[in-house]
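Since every read-out is calculated from the coordinates, none of them should be taken as a lab result. Nothing here was measured: the structure is a model prediction, and the numbers come from that model. Cβ placement follows ideal geometry from the backbone for every residue including glycine, while neighbour counts extend to all protein chains displayed.
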Amino acid sequence: MKNYLSINDLGNLQEAVKEALDLKRHPYHFKTLGNQKTICLLFFNNSLRTRLSTQKAAMNLGMDVMVMNFGSEGWQLEFEDGTIMDQGKSEHIKEAAQVVSQFCDIVAIRAFASLIDKERDEAEVVLNGFVKYANIPIVNMESSVAHPLQALADAITLEENSVNDNPKVVLSWAPHPKALPHAVANSFVEMMKLQDVEFVITHPKGYDLDPEITKGCKIVHNQEMALENANFVYVKNWSSYVDYGNVSTQGTNWMMTKEKLGDAKFMHCLPVRRNVVVEDAVLDGKQSLVIEQANNRIFAAQLVLKRILEHL
Ligand code: CP
């Protein structure tokens with residue numbers, strides 16, 4: 001694998017999940033694969049899980065790791081070609097990406113959506129800037145429109161917790177006080193399309209995701225109906241896609257409760273706002289898989305880094 005930008009870069013998802021589960025059983029089996037190789041993790045936005053799990057995954061493979069909070073510590077980057085750089089931007093992506101390539105063998109990038117300019121967000125200006133100008137492999141640690149490391153961790157978690165064939169999985173929108181990006185939901189939908197599951201998306205009217213991504217998916221606006229007989233309920237907030245980045249309704253009655261969850265397993269990528277997105281009783285109960293999901297972030301990242309290292 002050259003780059004990991006989307007869940008589709010994995011090829012066969014089921015084989016990838018199996019390989020990740022082998023790594024989970026034997027995390028140090030490839031501990032010399034990354035010897036004398038360095039990964040640079042560049043964060044334009046905050047993180048807990050992605051930062052630590054990717055670092056741990058790289059360490060399990062014997063890699064050296066450099067981490068930089070680019071958003072707060074780096075020079076402000078210019079991404080446009082031909083700009084007269086006489087304003088606030090100090091460095092062009094052309095130099096920045098090539099310079100980073102001198103210091104490491106793989107670069108991983110986190111750069112969220114602005115939620116202001118849909119066209120710019122969908123162009124993945126930061127991630128694709130590195131893809132264009134760096135000459136080393138790129139890993140997406142959550143970009144404007146995708147979070148494929150999270151989706152792979154979720155696929156691993158689903159595999160470990162599925163007790164029947166063709167389980168019913170519901171992606172349920174949740175309320176949130178802030179406007180959030182679509183990346184986690186997008187990659188979860190893309191991952192679901194690669195799985196042998198009954199998949200339903202439920203959200204209030206006006207919160208449709210990108211129709212290109214949800215094409216072919218069942219969408220139900222009645223949450224109660226959508227949740228009927230669910231085996232897994234994946235809860236996530238996202239802001240409006242059509243009325244880009246806006247929060248048209250608070251939808252507080254969409255919060256996930258123990259009663260609504262029924263016998264289903266609860267999933268969320270974290271971080272999560274308690275008693276806004278989901279009530280305490282769910283997160284503190286036995287049906288919650290959120291800590292398992294976080295743990296599986298290590299093996300998702302380790303699988304991705306292993307495959308890249310094998311082709312360096
Ligand atoms: N789920 C996830 O990506 O968590 P962080 O934002 O803390 O990395």
S240 being touching a Phe, Trp or Tyr at 6+ places or on another chain (Cβ under 8 Å) and closer than 26 Å to P271 by Cβ: yes
Candidate set: the stretch 45-102, residues that are within 16 Å of the ligand (Cβ to nearest atom) and of a type in the set (D, E, K, R); chosen: the one farthest from V272 (Cα to Cα): K56
The stretch 190-245, residues that are acidic (D, E) and out of contact with any helix residue (DSSP H, G or I) (no Cβ under 9 Å at 6 or more places or on another chain): E198, E212, E228, D243
All positions within the stretch 262-278 that are within 16 Å of Q223 (Cα to Cα) and free of Cβ contacts under 8 Å to residues at least 40 places away in the same chain: G262, D263, F266
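Being within 15 Å of the ligand (Cβ to nearest atom) and of a type in the set (A, V, I, L, M) is the requirement here; does A174 meet it?
The answer is yes for A174.
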Sole residue being within 25 Å of C217 (Cα to Cα), of a type in the set (D, E) and in contact with a Lys or Arg (Cβ under 7 Å, 6 or more places away or on another chain), chosen from E119, E142, E159, E124: E142
Residue in the stretch 157-171 that is farthest from the chain's Cα centre (by Cα), counting only those that are of a type in the set (S, T, N, Q) and more than 14 Å from the ligand (Cβ to nearest atom): N164
Test: residue in the stretch 171-187 that is touching a strand residue (DSSP E or B) at 6+ places or on another chain (Cβ under 9 Å), in a loop (DSSP other than H, G, I, E, B) and within 21 Å of E19 (Cα to Cα): no
Every residue from the stretch 258-279 that is in contact with a Ser or Thr (Cβ under 6 Å, 6 or more places away or on another chain) and either on the phi > 0 side of the Ramachandran plot or more than 16 Å from the ligand (Cβ to nearest atom) (or both): E279
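Here's the yes/no breakdown for (1) polar (S, T, N, Q); (2) more than 14 Å from the chain's Cα centre (by Cα):
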site: S114; (1), (2): yes, yes
site: D117; (1), (2): no, yes
site: N128; (1), (2): yes, yes
site: V139; (1), (2): no, no
site: A155; (1), (2): no, no
site: W173; (1), (2): no, yes
